[in-house]
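Scroll down for the structure; my scribbles are underneath it.
The values are calculated or read from the model by the stated rules, or taken from the named source; none is laboratory data. Everything numeric here is computed off the predicted structure, so don't read it as measured data. For neighbour counting, all protein chains shown are included, and Cβ atoms are generated from backbone atoms with ideal geometry for every residue, glycine included. Just the protein is used for accessible areas: all its heavy atoms, side chains included, with ligands, DNA and RNA removed. Shrake-Rupley method; radii C 1.70, N 1.55, O 1.52, S 1.80 Å.
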Amino acid sequence: MALQHVDDDSLAVLFDLLALPDLCSLSMTCKRMRAACMPVLFRMCRVQSSNIDRAEGPLFLPPSLWSYVQNIVFRGLFWRSDLEQSNLDYLMGLPDRPTRCNRGLARQKVSIPALNDLVHKALSSMPRLHTVRFDVTTCDEDVWFPGHIPGVPWYVLSALFHVSNLRYLHVDGPMCHPYDQLPLDVSLPPHLMPLSSLIYNPGDYRALARTTGMEKTVVLFLLERAAASLRELELPSESAPLPRMALWSWPMLIKLSLHGERPQLAEGSPPLVSILGQMPRLRDLTLRFAELVDVLPPPIWPPWFSAQYEWPDLERLYVSHPCPNDEFYAHLPNTLRDLSLRCWPRHYKHYAPRGYSKRKIGVNWKSPALWSSQMLSILRKITAPNLASLELEYYANGEDGLLFHHIASSYRHLTLLRVHRYRSRGITDVPVEQIADALKELAELRILMMHLDFPYLTGFPELGRLRRGFRHEGPEAREFDRRFQELREAFDAFICLLGPQIRSSRVWHAYQVAREAPGVDEQTYGQLRVSRYTSSDYVGSAAPGFDVCKDE
């Protein structure tokens with residue numbers, strides 16, 4: 001049958017299977033094929049953000065394409081002509097630098113009302129538009145030049161509020177500039193589109209002080225109007241209106257992720273569990289908070305808080321810096337399949353030369369890692385017979401054996417186990433055989449990722465030859481080879497004690513972990529290179545999205 005005789009619905013299914021170059025070629029054969037290809041060719045469009053508010057005049061999608069667009073990605077930073085030129089020296093998260101160069105300062109401001117009308121008309125004239133994404137992340141090169149200012153202009157944000165079919169809103173990078181303010185004559189709609197997904201990720205490392213009032217206002221506006229329809233929500237904790245969120249109902253929410261610096265709730269504020277209790281359909285929960293110095297991590301569900309909450313469908317739980325006396329873990333369902341109790345940022349990053357720079361990002365964080373006995377007390381509260389993935393990060397205090405025996409006896413269906421174990425000062429013993437003997441009962445274990453903190457590698461610099469194949473010579477390199485050989489022998493012994501499911505498909509993957517060297521000046525750090533065994537079918541199947549050669 002010739003394509004001319006195929007109906008449009010069948011053609012749309014067929015065109016979905018074609019590669020873009022083939023589809024472009026097909027669209028140039030005849031008028032009917034071009035008309036049939038247009039909804040597929042232009043359903044997803046990328047727009048350079050700086051072209052919208054440039055001084056020479058805006059460049060945007062031609063009106064002839066508006067009816068086909070379903071997904072728009074705004075890439076790069078806006079010129080932000082709506083901001084005063086005197087504010088162009090703002091640098092996002094960087095130390096003070098000289099005033100920006102004068103390139104581009106002579107550009108005339110564009111008419112903001114005209115831009116507002118253009119963006120509003122364009123987005124409102126896209127009947128199929130359901131997804132909008134902003135990629136406005138910043139870097140050193142971006143913020144040096146005039147016009148490359150972080151934040152999404154208000155006239156773009158306000159236009160989104162009137163898109164009737166918008167379901168997915170994704171913002172990578174800061175949503176607002178510190179000098180942004182709501183217009184005096186702003187009129188926010190009383191109702192909002194039934195938003196299904198709101199993802200806002202301004203960056204992992206950001207101090208609470210970097211949050212702007214404008215940003216909090218926009219987030220509050222979105223949440224109070226979309227809480228009933230949201231199915232996925234990812235927010236920085238600094239922007240989340242937590243006390244207000246406890247007053248709303250979230251009947252559709254399946255995935256929640258709060259990340260960033262732990263918010264300091266006012267005295268008398270409801271605990272975090274009062275928010276989670278309004279989300280009975282949760283399947284995926286991430287609470288990735290960094291802890292302030294001199295502040296103890298509070299429990300999610302304090303022992304004194306009396307309530308009846310259930311999450312019968314919860315399958316994945318990620319909690320940073322868990323609290324041992326938290327009642328939340330005693331109320332987890334037996335549907336749990338993925339559990340992560342760890343530090344964020346990683347505990348070793350607080351001591352690593354290549355870790356995140358607290359001074360650069362202006363934070364005052366600490367890493368209160370639990371003892372192994374405290375981690376054991378938490379796991380004893382959790383009944384999860386179907387748990388398939390477990391991640392722990394803790395300090396050893398002599399109860400490693402009890403901890404791993406509990407893991408093996410309580411979670412027999414584990415396929416992935418990832419452990420970051422740190423030695424206490426003065427302790428040199430690493431109970432390899434004791435840990436391996438406990439884990440040999442895990443017959444279904446396929447992936448084992450262990451950082452055991454061997455003492456005989458502490459204090460040696462990272463040589464890098466294992467990654468790059470470069471051969472170092474000299475006494476230091478020979479001593480490192482000797483000690484690293486001891487590490488390999490320890491892991492060989494460890495693997496031999498486990499079942500054939502590990503021995504049959506073992507592969508070495510080296511990754512770097514750094515810690516402060518005992519007995520060494522605080523400014524001198526030792527680096528520990530640890531290896532882990534993993535099955536060859538790990539990437540893309542057992543843990544999609546995770547890089548086995550790196551540690552986040």
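Worth pointing out:
- Binned Cα-Cα distance frequencies in the stretch 303-445 - 5 Å width, integer %: 2, 9, 17, 20, 19, 14, 10, 6, 2, 0
- Karplus 3J(HN,Hα) series, Hz, for the stretch 337-349 with 6.51 cos²θ - 1.76 cosθ + 1.60 (x for Gly, Pro): 10, 9, 10, 10, 10, 8, 9, 9, x, 3, 4, 6, 5
- In this structure, the amide hydrogen of LEU370, modeled 1.01 Å from its nitrogen in the peptide plane, lies closer than 5 angstrom to those of TYR395, counting only residues at least 5 positions away or on a different chain.
- Among CYS45, CYS496, the order of accessible area from largest down is CYS496, CYS45, computed with a 1.4 Å probe on protein heavy atoms.
- Protein-only accessible surface order, largest first, of THR137, THR335, THR383, THR286 at 1.4 Å: THR383, THR137, THR335, THR286
- Rounded to the nearest 10 Å², the accessible area of SER424 at probe 1.4 Å: 20 Å²
- For the stretch 355-435, the fraction of C-alpha pairs more than 19 angstrom apart is 46%.
- Residues ASP338, ASP172, ordered by accessible area of protein heavy atoms at a 1.4 angstrom probe radius and largest first, appear as ASP338, ASP172.
- Our estimate of slack between GLU310 and ASN364, defined as 0.36 nm per intervening residue step minus the Cα-Cα distance, is 15.9 nm.
- Taken along the Cα-to-beta-carbon direction at a fixed 7 Å, the label points for ALA330 and LEU265 span 1.8 nm.
- Cα-centred dipole magnitude for the stretch 253-329, charges only on beta-carbon of K, R (+1) and D, E (-1), debye, nearest 20: 280 debye
- Across LYS255/LYS440; LYS121/LYS255; LYS349/LYS381; LYS255/LYS381, pairs whose alpha-carbon gap is larger than 27 Å: LYS255/LYS440; LYS121/LYS255; LYS349/LYS381
- When the surface is traced with a 1.4 Å probe over the full set of protein chains, TYR168 keeps roughly 110 Å² accessible.
- Rounded to the nearest 10 square angstrom, TRP66 shows an accessible area of 20 square angstrom against a 1.4 Å probe.
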